[in-house]
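The values are calculated or read from the model by the stated rules, or taken from the named source; none is laboratory data. Everything quoted here is computed from the prediction, not taken from an experiment. All Cβ positions, even for glycine, are placed from backbone atoms using ideal geometry, and neighbour counts span all protein chains on display. These area figures cover heavy atoms from the full protein model, side chains too; ligands, DNA and RNA do not enter into them. Shrake-Rupley method; radii C 1.70, N 1.55, O 1.52, S 1.80 Å.
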Amino acid sequence: MIRISAIMLLVLVTAGAKAQRYTSEKSHVTFFSKAALEDITADNKKANSLMNPSTGDIAFVVPVGEFKFEQALMEEHFNEKYLETEKFPRATFQGKMTGFDAAATQAQKITAKGKLTIHGVTKEVEIPGTIEKKGEKYAAQSEFMVKLEDYKIVIPQLLWQKVAEEVKVTVNFTYVQQ
Amino acid sequence: MFNNSHTMRPVVKHVTAIVTSALLVTALPAFSQDDLLGDLEKTSAKSTYSSQTFKGTRLVNGHTIETIGEGTLEFIFSHRFGRVNGGVYEMFGLDDAFVRIGLEYGITDKLGVGIGRNSVDKSLDGYLKYKLLAQKPDGAPLTISALGGTTYKTSPKAEDAPAGFENIDRLSYTAQLLIARKFSPAISLQLMPTYIHKNYVGSTEGKNDQIAMGVGGRFKVTRSLSFSTEYYYRINPDETSPYRNTLGFGIEIETGGHVFQIVLTNTRGMIERTFITETDGDFFDGDIHLGFNVTRIFQLKRK
């Protein structure tokens with residue numbers, strides 16, 4: 001008896017956790033770098049995210065090689081010289097949202113606290129963002145600064161003026177229940 | 001023990017209950033933690049980034065598999081001095097100069113078109129290069145590009161040409177497959193099977209149809225510096241051919257929109273016809289030309 005109820009409980013707990021999960025159906029990650037010669041922007045629509053409104057857990061994965069630039073050469077340098085995409089193909093975040101009320105129907109400001117990994121370097125960060133429930137879906141967005149030095153992203157000296165020391169990253173996800 | 005639990009003594013039952021609840025208690029936090037990132041990494045597609053196999057479009061004299069990208073115009077200035085064994089009288093080759101000025105434009109990321117003018121034989125050349133296959137981390141193991149080119153020799157002048165020499169005799173054609181693999185971020189190797197057809201050959205110039213197999217590679221030393229080398233073996237040269245196989249070495253330095261290559265090679269030529277089938281220097285006898293290739297990239301069209 002005890003064994004059976006224990007197993008049932010385990011199954012219920014697992015199912016409960018899974019059912020609460022939301023997965024990203026659409027994503028858009030950008031970065032923007034202000035520089036003296038020219039501003040650099042890139043878009044990435046291949047990111048994925050999972051979110052659990054009942055616990056506030058959130059995670060996302062950005063395939064670094066999928067950033068699209070206006071110039072082929074910049075894309076090459078970004079991957080070859082700065083981000084070393086072959087060695088570190090993914091940037092990731094895993095954390096927990098605070099100030100988040102799963103039931104609220106209006107846009108709410110939240111903070112996601114957790115681990116951001118870029119270029120193989122993991123940092124504890126707090127990312128501000130907004131999240132809004134739209135019918136069955138959630139729309140989340142965030143904008144934050146990434147200091148290149150923190151993630152050991154080296155800018156060759158000859159190009160120092162090409163890229164700012166901090167780049168602005170925006171993250172947009174639309175979630176549907178998994 | 002589980003199959004005959006009805007014979008269990010009460011103590012054993014208690015122990016079982018305690019162990020089970022202990023397991024549950026430890027299991028619960030694990031579930032509420034919910035490893036979202038772990039699950040994401042399992043399901044997310046691997047990167048499809050296709051890497052830079054070579055820094056530029058030229059290995060030494062010949063092409064690499066690289067195309068330059070849509071809307072990009074590359075200006076390439078190549079220069080070879082005379083032979084270093086020319087002695088002080090020739091200032092070790094610096095008195096001579098052979099130049100090719102060229103332009104290449106990326107129609108798409110995979111298709112490029114180029115034109116050039118080479119002072120050797122006063123030649124004009126044009127080519128198309130198309131990337132057939134791109135090496136991917138979880139896909140194709142190789143990158144393959146096809147090159148098709150035409151060369152028009154404006155030398156000799158019409159009045160100096162041998163009897164019966166017509167303008168069509170000035171043309172020759174190159175077909176080349178470029179097959180490369182990036183083995184590691186530092187090491188890339190390339191094979192270049194080549195077919196060259198000349199409409200007209202002089203008495204010492206061998207067959208109209210000539211084939212060769214090229215091998216080459218590059219070794220990256222730092223993010224901006226690498227070494228490259230290239231060798232073309234002629235498969236069907238005439239036994240009496242005065243020409244040799246071409247060999248070249250390069251040092252590549254990349255900055256911003258430039259690639260700067262310093263080369264040492266036994267040929268004056270900078271077009272396939274010349275350097276593959278009409279190289280006259282013996283590298284190991286000191287018939288070495290110092291030279292450089294300088295490229296500058298202009299982005300004409302934004303994506």
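If you average over every viewing direction, what projected area does the convex hull of the Cα atoms of the stretch B:191-303 give, in nm²?
One quarter of the hull surface, i.e. the mean projection, equals 9.3 nm².
Would you rank B:Phe284, A:Phe88, A:Phe100 by solvent-accessible area, highest first, keeping every protein chain in place and using a 1.4 Å probe?
B:Phe284, A:Phe88, A:Phe100
Would you work out the relative contact order for the stretch B:141-225, in percent, from Cα pairs under 8 angstrom that are 6 or more residues apart?
Answer for the stretch B:141-225 is 27 percent.
Chain pair B, A: how much accessible area is buried, both chains summed, with a 1.4 Å probe, in Å² to 100?
Chains B and A together bury approximately 3800 Å².
Can you give the log10 of the normalised intensity I(q)/I(0) at q = 0.27 Å⁻¹, computed with Debye over equal Cα scatterers of the stretch B:42-117?
Here log10 of I(q) over I(0) equals -1.21.
Of all accessible surface on the stretch A:107-146 at a 1.4 Å probe, what whole percent is carbon and sulfur?
Using a 1.4 Å probe with all protein chains present, the stretch A:107-146 comes out at 48 percent carbon and sulfur.
I'd like to compare A:55-68, B:209-222: which one has the highest average count of other Cβ atoms within 10 Å, and what's the full order after that?
Descending packing order for the listed peptides: A:55-68, B:209-222.
Excluding ligands, DNA and RNA, what is the solvent-accessible area per residue of chain B at a probe of 1.4 Å, expressed in Å²?
49 Å²
How shielded is A:67-78 by partner chains, expressed as the average number of their Cβ atoms within 10 Å of its Cβ atoms?
That works out to 5 on average.
As a test of understanding, state the convex hull volume per residue of chain B from its alpha carbons, in Å³.
Spelled out: Cα convex hull of chain B, divided by residues, is 230 Å³.
Quote to one decimal, in nm, the extra length available between B:Thr108 and B:Leu142 on full extension: 0.36 nm per residue of separation minus the C-alpha distance between them.
Value of the extension gain: 10.2 nm.
Using DSSP to define loop residues, name the chymotrypsin sites (Phe, Trp or Tyr not before Pro) in the stretch B:168-200 whose beta-carbon has at most 13 other beta-carbon atoms within 10 Å.
B:Phe183
For the stretch A:84-141 and the stretch B:59-77, write down the distance between their C-alpha centroids in whole Å.
After rounding, the separation between the Cα centres reads 41 Å.
Roughly how many percent of the accessible protein surface of chain B is carbon and sulfur, given a 1.4 Å probe and a whole-percent answer?
64 percent
Sort the following peptides by mean Cβ neighbour count (other Cβ atoms within 10 Å, averaged over residues), highest first: B:274-280, B:241-247.
The packing order, highest mean first, is B:274-280, B:241-247.
Sort B:Leu147, B:Leu133 by accessible area with a 1.4 Å probe, largest first.
B:Leu133, B:Leu147
Can you send over the solvent-accessible area of B:Arg181, 1.4 Å probe, protein chains only, in Å² to the nearest 10?
We get 80 Å² for B:Arg181.
Count, for each residue of A:58-65, the Cβ atoms from other chains sitting within 10 Å of its Cβ, then give me the mean as a whole number.
Average per residue, whole number: 5.
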